Amino acid sequence: MVRLATLEDLETIKDIYAHARSFMASTGNPNQWGSSYPSEELLLEDISKNELYVCYEQEGIYAVFVFFMHFDETYNYIKGAWLNNEDYGVIHRIASMGSKKGIFSEVLSYVTNFVDNIRIDTHRDNLVMQGVLSKYGFIKCGTIYLKNGSERLAYQFIKNGE
């Protein structure tokens, strides 16, 4: 199940991101999130904007992600081309404890209840996420640049391939 994150979830969310950073480093991607991203300040901002979600079951929270349906300025310029210029939703900072399979499928199923057009980006070294995106029908559209100038591979998904 998916719900908005609350302040009471913060410690669990920080643990999930710590686990994800360790997993990313162990799979050849130590630089995307480094040793401290996302910061507690950023998580609090995400919660206050109602953009941070958790996946949970009776035993507790096992995954976290950011989702919103408004313009993302880092997607304004792309070296390449988006599949379309329709309104879109954005998934950022998806992470899990690694204890459950099918998390990306669950997240994608949830967000496509709200919008058919999804954009996401990932680090060039994040081969695990690139494989997941390909598996779920995301098309690599090019390269975008974060505010700090770092490049990310940009992907787009259109529900039902429309």
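A short reminder: the numbers here are calculations on the coordinates, not readings from a lab. Owing to the predicted nature of the structure, the values given are computational and were not obtained by experimental measurement. Note that we place each Cβ from the backbone using ideal geometry, even for glycine, and neighbour counts take in every protein chain shown.
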Of Glu40, Glu59, Glu151, which is the most mobile in a GNM of the chain whose springs link Cα atoms less than 10 angstrom apart?
-> Glu59
Of Val115, Phe138, Phe65, which is farthest along the charge dipole of segment 2-161 in the positive direction, counting Lys and Arg as +1 and Asp and Glu as -1 at C-beta?
-> Phe138
Pick out which of Leu133, Leu83, Leu42 has the largest mean-square fluctuation in a Gaussian network model of the chain, springs linking Cα atoms closer than 10 Å.
-> Leu42
Applying the Karplus parametrisation 6.51 cos²θ - 1.76 cosθ + 1.60 with θ = phi - 60° to the phi angles of segment 49-63, what ³J(HN,Hα) value in whole Hz is obtained for each residue in order, glycine and proline being reported as x?
-> 8, 6, 10, 9, 10, 10, 9, 8, 9, 3, 6, x, 7, 10, 7
Assigned charges on the beta-carbon of Lys, Arg, Asp, Glu; segment 29-162 dipole about Cα centre (debye) | 520
Would you tally the net charge around Ala154, using a Cβ to Cβ cut-off of less than 11 Å, leaving Ala154 out, and scoring K and R as +1, D and E as -1?
-> +1
If each residue's Cβ is checked for other Cβ atoms within 10 Å, how do Cys141, Cys55 rank with the fewest at the top?
-> Cys141, Cys55
Share antiparallel - DSSP beta bridges, segment 2-161, percent rounded to 5 | 95
What ranking do Asp72, Asp87 get, fewest neighbouring Cβ atoms within 10 angstrom at the top?
-> Asp87, Asp72
